[in-house]
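Participant: The following block contains the structure, expressed as structure tokens.
The values are calculated or read from the model by the stated rules, or taken from the named source; none is laboratory data. It should be emphasised that the depicted structure is a prediction, and the values quoted were computed from it without experimental measurement. Here the Cβ positions follow ideal geometry from the backbone for every residue, glycine too, while neighbour counts run over all protein chains shown. Surface areas here come from the heavy atoms of the whole protein model, side chains and all, with no ligands, DNA or RNA. Shrake-Rupley method; radii C 1.70, N 1.55, O 1.52, S 1.80 Å.
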Amino acid sequence: MSVFFLEYFYTMQPLYIYNTLTRSKEVFEPINPPYVGLYVCGPTVYSDVHLGNCRTFISFDLIYRYLRHLGYKVRYVRNITDAGHLEGDRDEGDDKFAKKARLEQLEPMEIVQKYTVGFRNIMARFNTVPPSIEPTATGHISEQIEMIKEIMANGFAYEKEGTVYFDVEKYSKDYNYGQLTNRKLEELLEGTRELHGQDEKKGRLDFALWIKAKPETLMQWPSPWGKGFPGWHIECSAMSRKYLGDTFDIHGGGMDLQATHHTNEIAQSKGCYHAEPVKYWMHTNMLTVNGARMSKSAGNGFLPQELFTGNHPLLEKGYSPMAVRFFMMQTHYRSTLDFSNEALQASEKGFERLMQGWRTLQTLEPASTSDENIAAIQEACYAAMNDDFNSPILVAQLFDAVRIINSANDKKLKVTAADIQLLKDLYQHFVFDVLGLATEEESGKTSEALAEVMNMILEMRHKAKLEKNFALSDQIRDQLLAAGIQVKDSKEGSTWKLN
Ligand SMILES: [Zn+2]
């Protein structure tokens with residue numbers, strides 16, 4: 001099947017990807033087809049993963065899934081930053097792990113373990129496919145040291161008192177440092193603070209590749225420059241090179257990483273081996289809450305767990321991980337995504353309608369002729385995804401399929417057995433494989449539990465009726481309706497469905 005899709009893709013509709021590097025949509029041509037190298041900057045595991053990061057990883061899960069669906073053999077590398085991330089992006093402030101370790105009175109590696117496990121749990125609940133490799137910064141110290149040595153040998157880095165800095169000014173004589181954000185060196189300089197007397201680095205834009213450890217630093221390693229720890233940016237350059245090669249296909253991450261982290265990654269790689277490290281740079285947009293940027297200080301930053309349980313002042317109720325995933329899929333990854341109770345509730349309803357469509361599809365009776373062109377919907381689904389992974393357009397197409405399913409069920413239009421099969425393929429490919437919706441355990445467990453609770457409630461209502469307590473039986477019916485569950489009474493008994 002995958003060969004079919006690859007051929008289909010080559011002959012029918014090429015895949016277009018928006019490349020941050022060229023600021024345009026380009027036809028996706030992998031360096032070594034059918035292999036694709038994909039690197040995404042992973043979490044810094046010193047606290048619970050926040051929703052903005054989840055959006056990035058869920059977006060790249062969609063991208064990973066679609067590339068695989070097209071038949072590509074993707075090596076997906078997503079790192080775990082477990083050392084060397086200072087609070088400021090530009091080498092200032094405390095080490096995030098050390099600070100948290102002191103706060104929670106734990107070993108830094110206990111912090112790392114705790115939040116790595118938590119992160120993987122959340123990713124699993126969102127039904128994301130684990131990456132092929134999840135390398136850690138602490139597991140690749142020697143690779144980072146080797147890379148720093150090469151950069152120094154090329155003259156693009158210098159050592160000061162046990163700390164090694166990347167020399168941006170020197171690099172800028174040969175290469176365009178601001179290429180990713182399309183900004184000139186002078187503009188970038190204007191945006192950074194003046195150096196003070198006590199600064200060791202030569203230039204304002206210089207950044208640390210290796211940082212000298214203080215005696216009390218908990219995580220430190222020996223190096224040619226004394227004991228220390230790697231800067232944050234070098235780990236991604238070293239690990240992407242190790243697992244994907246000098247130049248690979250796609251590098252992704254949140255938009256907030258463009259200006260510093262990704263800009264520095266490019267400089268490090270080119271400063272080391274003089275080649276463009278990445279062919280396509282992809283960036284996901286930010287997340288807002290009721291129109292305002294999500295942040296802890298604004299009090300509108302809820303965690304994924306709080307979103308699932310509804311345990312947050314801004315949330316009217318909890319939402320299942322699949323409803324949240326579907327909600328995210330209804331916005332393109334390059335647009336801002338705004339969280340509000342209204343939008344989440346609308347998505348929850350839409351998701352249930354999509355799943356109800358799947359259940360109805362299993363009971364459709366075929367006709368000898370068809371009133372609809374299902375193949376055209378399938379083509380439109382591919383067209384949407386081939387246009388820079390446009391999931392909201394894909395979802396709109398799938399709702400068109402739901403409309404057909406419901407009309408066929410109501411005998412308002414006819415579909416053949418072949419079309420019913422095409423509709424089933426459409427669900428299998430796009431709803432389950434590509435959008436990654438409806439994990440069996442997740443929705444299965446929830447619906448099993450709900451079915452049991454509903455049997456119990458309907459039994460109690462039946463008893464109330466037998467005892468002629470109609471006030472109670474009506475009250476149960478009305479309250480269920482208010483909760484979104486419709487009860488239908490007939491001679492055979494009562495049935496229920498989600499509204
Ligand atoms: Zn990175």
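Participant: Being within 30 Å of Y35 (Cα to Cα), out of contact with any strand residue (DSSP E or B) (no Cβ under 6 Å at 6 or more places or on another chain), within 16 Å of the ligand (Cβ to nearest atom) and of a type outside the set (V, I, T) is the requirement here; does H251 meet it?
Facilitator: Answer is no for this residue.
Participant: Is it true that V77 is in a loop (DSSP other than H, G, I, E, B), within 16 Å of the ligand (Cβ to nearest atom) and in contact (Cβ under 8 Å) with a residue 40 or more places away in the chain?
Facilitator: no
Participant: Right, another one. Mind listing whichever residues of the range 116-145 are of a type in the set (D, E) and farther than 21 Å from P224 by Cα?
Facilitator: Correct list: E134 only.
Participant: Tally up the residues in the range 160-199 that are open to solvent by 50 Å² or more (accessible area, probe 1.4 Å), touching a Lys or Arg at 6+ places or on another chain (Cβ under 8 Å) and at pLDDT below 85, please.
Facilitator: The qualifying residues number 3.
Participant: State which residue is surrounded by the most Cβ atoms within 10 Å (Cβ to Cβ) when the search covers only the range 409-435 and only residues that are out of contact with any Leu (no Cβ under 6 Å at 6 or more places or on another chain) and among the β-branched types (V, I, T).
Facilitator: So the residue we want is V415.
Participant: Exactly one condition in (1) modelled with pLDDT of 95 or more; (2) within 13 Å of the ligand (Cβ to nearest atom) is false for H274; which is it?
Facilitator: (2)
Participant: Being modelled with pLDDT under 95, within 20 Å of F399 (Cα to Cα) and not β-branched (V, I, T) narrows it down to one residue among Q362, Q330, Q345; which is it?
Facilitator: Q362
Participant: Would it be correct to say that G291 is surrounded by fewer than 23 Cβ atoms within 10 Å (Cβ to Cβ), without any contact (Cβ under 8 Å) to a residue 40 or more places away in the chain and more than 14 Å from the ligand (Cβ to nearest atom)?
Facilitator: So G291 does not fit the description; no.
Participant: Would you point out the residue of the range 459-479, among those that are out of contact with any Leu (no Cβ under 9 Å at 6 or more places or on another chain) and buried (at least 16 other Cβ atoms within 10 Å of the Cβ), that is nearest to Q356 (Cα to Cα)?
Facilitator: Result: R477.
Participant: Also: L180 - would you say it is within 16 Å of the ligand (Cβ to nearest atom), closer than 24 Å to V77 by Cα and part of a loop (DSSP other than H, G, I, E, B)?
Facilitator: Values: within 16 Å of the ligand (Cβ to nearest atom): yes; closer than 24 Å to V77 by Cα: yes; part of a loop (DSSP other than H, G, I, E, B): yes.
Here the answer is yes, as L180 does meet what is asked.
Participant: Identify all residues within the range 17-33 that are among the polar types (S, T, N, Q) and open to solvent by 50 Å² or more (accessible area, probe 1.4 Å); write none if there are none.
Facilitator: Kept after step one, since they are among the polar types (S, T, N, Q), are these residues of the range 17-33: 19-20, 22, 24, 32.
Those that are among the polar types (S, T, N, Q) and open to solvent by 50 Å² or more (accessible area, probe 1.4 Å): T22, N32.
Participant: Check whether at least one residue in the range 257-265 is hydrophobic (A, V, I, L, M, F, W, C), within 16 Å of the ligand (Cβ to nearest atom) and open to solvent by 10 Å² or more (accessible area, probe 1.4 Å), and report yes or no.
Facilitator: So in the range 257-265, the residues hydrophobic (A, V, I, L, M, F, W, C) come out as 257, 259.
Of the ones still in play, those that are also within 16 Å of the ligand (Cβ to nearest atom) are 257, 259.
Add one more test, that the residue is open to solvent by 10 Å² or more (accessible area, probe 1.4 Å), and what stays is 257, 259.
Yes - at least one qualifying residue is present in the range 257-265.
Participant: Suppose we filter K202, K214, K242, K227 for residues that are open to solvent by 60 Å² or more (accessible area, probe 1.4 Å), under 17 Å from N79 (Cα atoms) and not β-branched (V, I, T); which single one remains?
Facilitator: Working: K202 fails: under 17 Å from N79 (Cα atoms); K214 fails: under 17 Å from N79 (Cα atoms); K227 fails: under 17 Å from N79 (Cα atoms).
After ruling out the rest, the residue left standing is K242.
Participant: Report, by residue number, each residue of the range 211-251 that is charged (D, E, K, R) and either touching a Phe, Trp or Tyr at 6+ places or on another chain (Cβ under 9 Å) or assigned to a helix (DSSP H, G or I) (or both).
Facilitator: So the first thing to find is which residues in the range 211-251 are charged (D, E, K, R), and the list is 212, 214, 216, 227, 235, 241-242, 246, 249.
Selection gives K212, K227, E235, R241, K242, D246, D249.
Participant: So F229 clears everything in (1) touching a strand residue (DSSP E or B) at 6+ places or on another chain (Cβ under 6 Å); (2) of a type outside the set (G, A, S); (3) under 30 Å from Y64 (Cβ atoms) except one condition, right? Which one?
Facilitator: Result: F229 fails condition (3) only.
Participant: Which of the numbered conditions does T116 fail, given that it passes all the others? Conditions: (1) farther than 25 Å from T263 by Cβ; (2) more than 30 Å from the chain's Cα centre (by Cα); (3) of a type in the set (V, I, T).
Facilitator: Evaluating T116 over (1) farther than 25 Å from T263 by Cβ; (2) more than 30 Å from the chain's Cα centre (by Cα); (3) of a type in the set (V, I, T) leaves (2) as the failure.
Participant: Please work out which residue is most open to solvent (accessible area, probe 1.4 Å), limiting yourself to the range 35-61 and to residues that are more than 16 Å from the ligand (Cβ to nearest atom) and either touching a Phe, Trp or Tyr at 6+ places or on another chain (Cβ under 6 Å) or within 30 Å of E104 (Cα to Cα) (or both). Spell out how you get there, then give the answer.
Facilitator: Keep residues of the range 35-61 that are more than 16 Å from the ligand (Cβ to nearest atom), which gives 35-36, 47-48, 50-51, 54-55, 58, 61.
Narrowing further to those that are either touching a Phe, Trp or Tyr at 6+ places or on another chain (Cβ under 6 Å) or within 30 Å of E104 (Cα to Cα) (or both): 36, 47-48, 50-51, 54-55, 58.
Working: V36: 4, S47: 30, D48: 69, H50: 95, L51: 0, C54: 0, R55: 4, I58: 2 Å².
Here the residue is H50.
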